[in-house]
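The next block holds one structure in the form of structure tokens; read it before the comments.
Where a number appears in this text, it was derived from the coordinates with a stated rule and is not lab data. Keep in mind the model is a prediction, meaning the values are calculated, not measured. Cβ coordinates were reconstructed from backbone atoms using ideal geometry, including for glycine residues, and neighbour counts include every protein chain displayed.
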Amino acid sequence: MEIVLETKSLTKKFKNITAVDNLDLVVYKGEVFGFLGPNGAGKSTTIRMLTSLIYPDQGEIYLFNKKLTANSKSILRKVGAIVESPDFYLYLTAFKNLEFLSQLYGINPTRKQIMEILDFVGLSNRWNSKVKTFSHGMKQRLGIAQALLHDPDLIILDEPTTGLDPQGMKEIRELVISLSKEKGKTVFISSHLLYEVELIANRMIIINRGKKVVEGYVKELLNEEKATYNFRLSNIERAKNILISLNFELNHDFEVNGNEMLISTKRISASQLNKIFVENGIEVFEFYRKRTLEEYFLEITRGQK
Ligand code: ADP
């Protein structure tokens, strides 16, 4: 898989706060990558470094396999972003705004290309309306249109659905999906809402206090049918053999870590497993169901605004 974006030990400090702490991430071509974390986790700070609005204290950023440095901003031509709420001229039409911004970026799209972008974001019927008549959701979609003007390969969206009503959120989600599915773009999207990321991303990471805490394929992370249990046992070797005899595969259905065992299964309940261990002379010191991602995310989000 081709890597589009990579960070290595990315770190940014503000006085005594480490906003981004040794963050390693990899984004592959064509995927929708969810960058999830509660408020204050360090998402915007990361995105501002990715788009060269601020510079890291430590670590590196690679975009399209090239290292991003203060004097290599040309790589950013392949990146389209909405970082803060985009500013538009409220008294100009949607079309005129895009035309004006194109000039500002030194690009020269044809009228047809601008209309195609407006159509893609669902604003073609309002192309000639002043932006001051637009809803918040329409402005956000015009923001995405603005980010697409130079036909970037990677699109970075910082919490694009914040402040939108459910319908507006849905429209943005559909846009993100078609950017990836229809246009083959790579999308990096941040959010503080787990369900939103679940609905659109292939892969995601969760950060908290600037550090990565969870990473993986969304489908796998959210496979809640498959319960995961943690067992602390007196005789791990024997337990291992019992599980193998029950057709559990080591490092796939279960993992061993010291005198603990992590078992993932749809077939057997924790109390049945407990019974099997006890009947085979193994002492079960403790067992519990591992928290689901939802529970985990709620816990790190607790106490947040
Ligand atoms: P998120 O986007 O996940 O909500 P931010 O990246 O905005 O989080 O913030 C991460 C942490 O860094 C927070 O504690 C925030 O207060 C702090 N922070 C962000 N920008 C600045 C800044 N310019 N000066 C000082 N602290 C900042």
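In nm, to one decimal, how far is the modelled label at ASN251 from the one at LYS15, with both set 7 Å along Cα→Cβ?
A separation of 4.8 nm, rounded to one decimal place.
Would you grab the residues whose amide H sits under 5 Å from the one on LYS211? Only those 5+ places off in sequence or on another chain, please, with H modelled 1.01 Å from N.
ASP21
What ranking, highest mean first, results for peptides 140-148, 49-57, 4-12 when packing means the other Cβ atoms within 10 Å averaged over each residue?
With the highest mean Cβ count within 10 Å placed first, the list reads 140-148, 4-12, 49-57.
Along the range 139-154, what does the Karplus equation 6.51 cos²θ - 1.76 cosθ + 1.60 (θ = phi - 60°) give for ³J(HN,Hα), rounded to whole Hz, x for Gly and Pro?
Values per residue, Gly and Pro as x: 5, 5, 5, 5, x, 5, 4, 4, 5, 9, 3, 9, 6, x, 8, 10 Hz.
Please give the peptides 183-192, 270-279 ranked by average Cβ packing (other Cβ atoms within 10 Å per residue), highest first, as a rough proxy for protection.
Numbers: 183-192: 21.1, 270-279: 15.0.
Peptide ranking by packing, descending: 183-192, 270-279.
Which pairs break 19 Å Cα to Cα here: LYS96/LYS139; LYS219/LYS266; LYS12/LYS43; LYS78/LYS212?
LYS78/LYS212
Using the Cα centre as the reference, give the magnitude of the dipole from point charges on the C-beta atoms of the range 227-293 (Lys, Arg: +1; Asp, Glu: -1; all else neutral), rounded to the nearest 20 debye.
280
Determine the principal axes of the Cα atoms in the range 1-122, then give the extent along each, sorted from largest to smallest and rounded to whole angstroms.
Each principal axis gives a Cα extent; for the range 1-122 these are 46, 34, 28 Å.
Starting from the amide H of LEU5, placed 1.01 Å from N in the peptide plane, find each other amide H under 5 Å away whose residue is 5 or more places distant or on another chain.
Sorted by chain and number, the residues that satisfy this are VAL27, PHE64.
With θ set to phi - 60°, apply the Karplus curve 6.51 cos²θ - 1.76 cosθ + 1.60 along the range 51-58 and write out the HN-Hα couplings as whole Hz, x wherever there is a Gly or Pro.
After applying 6.51 cos²θ - 1.76 cosθ + 1.60, I find 9, 6, 7, 9, 10, x, 7, 8 Hz.
Quick one: dipole size for the chain, taken about the Cα centre, charges +1 on Lys/Arg Cβ and -1 on Asp/Glu Cβ, in debye to the nearest 20.
In debye, rounded to 20, the chain gives about 940.
Can you list the HN-Hα couplings for the range 274-287, worked out from phi with the Karplus curve (6.51, -1.76, 1.60; θ = phi - 60°), rounded to whole Hz and with x for Gly and Pro?
4, 4, 4, 4, 4, 4, 9, x, 9, 7, 9, 6, 6, 8
Place +1 on the Cβ of every Lys and Arg and -1 on the Cβ of every Asp and Glu in the range 227-293, take the dipole about the Cα centre, and give the residue among PHE248, THR265, LEU233 whose Cα lies farthest towards its positive end.
It is THR265.
At 0.36 nm per residue, minus the direct Cα-Cα distance, what do ASP119 and GLU260 gain on full extension? Give it in nm, one decimal, please. Walk me through the intermediate numbers first.
Details: separation 141, 0.36 × 141 = 50.76 nm, distance 5.58 nm.
In short, 45.2 nm is gained.
How much of the pair distance distribution for the chain lies past 36 Å, counting alpha-carbon pairs only, in percent?
Of the Cα pairs, 31 percent sit more than 36 Å apart.
Per DSSP H run of n ≥ 4, the term is -39500 (n - 2.57); total these for the chain, divide by its residue number, and report the mean residue ellipticity at 222 nm rounded to 500 deg cm²/dmol. Don't skip to the end; give the middle numbers.
On the way: 10 runs with 99 residues, N = 305.
Helices in the chain give a 222 nm mean residue ellipticity of -9500 deg cm²/dmol.
With a/c under 1.5 counting as rounded, go ahead and sort the range 227-293 into rounded, prolate or oblate using the C-alpha gyration tensor (a ≥ b ≥ c being the square roots of the eigenvalues; past the cut-off, prolate if a/b is larger than b/c, else oblate).
Details: a/c = 1.34, a/b = 1.20, b/c = 1.11.
Here the range 227-293 falls in the rounded category.
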